[in-house]
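All of the numbers you see were taken from the coordinates with simple rules; none came from a lab. Note that this is a predicted model, so its numbers are computed, not measured. When we count neighbours, we look across all protein chains shown, and the Cβ atoms used for this are built from the backbone with ideal geometry, even at glycine.
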Amino acid sequence: MLAGNWKMHTTSAEATTLIEGIATAARAAKDREVVVGPPFTLLETAKRAIGDAPISLAAQHLHWEPKGAFTGEVSGEMLRDIGCSHVIIGHSERRQFFGETDATVSQRIGAALRVGLHAIVCVGESLEQRENNQTLAVIDTQIRGGLHGLDAAAFASLTVAYEPVWAIGTGKVATTEQAEDVHAAIRKQLGTLVGGDVAETVRILYGGSVKPDNVDALMAQPNIDGALVGGASLDPKAFSRIIEFSN
């Protein structure tokens, strides 16, 4: 899976141009799934621009309730109605700036799965946590807190994205060895929740300054099953190259 998280970027015209710019690469990518995650205001525009291209549409967030007095929020039912098939949950920016917790991540995952949305669940450590050798403990807590109580069937509709917070938007990137070590640990942790056979089927994406010049090396790692891309997903040439990675 190669997923682009557009964050709070693009106008309607820019979104259309961006999708048109990656459509050729998406059509040629027979063995990989391409996903774009525009802001809420552009989901309908993006759906129209996608047309019959093999590009899945993701929202960047959802509320855990189906409806109610939650000003500024969007429900899973609303996302499905507008054409979304995926939703990003628990991104570090939601955790850092908007009070997201492992408990609310769990609630949002449940809401997504109830309406048939594929959940892209983000985990990752801060620079301070990495420097204090807390990476695996932090990831373990986030996975157990967010995915607690899910049965094996739920993992068919779930992707995990490892995004070291210190590498998001900084230009820094984990080495291939660092990324692979954490991905392998995540798969092992998933195995303790649902069994090794199921854990082997779960895609684990890497996110954190993924670019055309590092995607091939990252994707060559055995436990890296794709990428959640930020800034480079806003450049159609760069994201097309990421979609076309070679390993």
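In summary, the aspartates and glutamates within cross-link reach of Lys30, defined as a Cα separation below 13 angstrom excluding same-chain residues under 8 places away, comprise Glu244.
With Rh defined as the Kirkwood radius, the inverse of the mean 1/r over Cα pairs, the Rg/Rh of segment 67-158 is 1.01.
Computed packing ranks the peptides 26-32, 225-231, 45-51 as 225-231, 45-51, 26-32, most packed first, by mean other Cβ atoms within 10 Å. Once C-alpha pairs closer than 8 Å and six or more residues apart are averaged by separation and normalised to the residue number of segment 182-247, the relative contact order reads 32 percent.
Across segment 1-126, counting alpha-carbon atoms alone, Rg and Dmax equal 14.4, 44 Å. The listed peptides 80-87, 216-223, ordered by packing as a protection proxy, come out as 80-87, 216-223 (highest mean of other Cβ atoms within 10 Å first). Computed from the Cβ-Cβ distance with R0 of 35 Å, the FRET efficiency linking Arg27 to Arg114 stands at 0.65.
For the chain, a crude dipole built from +1 on the beta carbon of Lys and Arg and -1 on the beta carbon of Asp and Glu, taken about the Cα centre, is about 360 debye to the nearest 20. Label-to-label distance for Thr192 and Asn132 is 2.0 nm, based on points extended 7 Å past Cα in the beta-carbon direction.
Let me have the relative contact order for segment 2-243, percent, based on Cα pairs under 8 Å that are six or more residues apart. Kindly include the intermediate steps, with their values, before the conclusion.
Working: 452 pairs, mean separation 48.4, N = 242.
Computed over segment 2-243, the figure is 20 percent.
Taking the inverse of the mean reciprocal distance over all distinct Cα pairs, the Kirkwood hydrodynamic radius of the chain comes to 17.9 Å.
Where a Cα-Cα gap under 20 Å defines reach, which aspartates and glutamates qualify for Lys237, not counting those fewer than 8 residues away within the same chain? By straight Cα distance, Lys237 reaches Glu14, Glu20, Asp31, Glu33, Asp213, Asp216. Mean residue ellipticity at 222 nm, helices only, the chain: -12500 deg cm²/dmol; runs of at least 4 DSSP H residues each add -39,500 (n - 2.57), and the sum is divided by the number of residues. Within the chain, the whole DSSP H helices whose Cα atoms reach 20 Å or more along their own axis and whose mean Kyte-Doolittle score is at least -1.0 are 12-28, 176-194. For segment 19-60, the residues whose backbone nitrogen is under 19 Å from a point 7 Å from the Cα of Glu77, taken along Cα to Cβ, are 59. Here the dipole of segment 115-247 is about 220 debye; that uses its Cα centre as origin and unit charges on the Cβ of Lys and Arg (positive) and Asp and Glu (negative).
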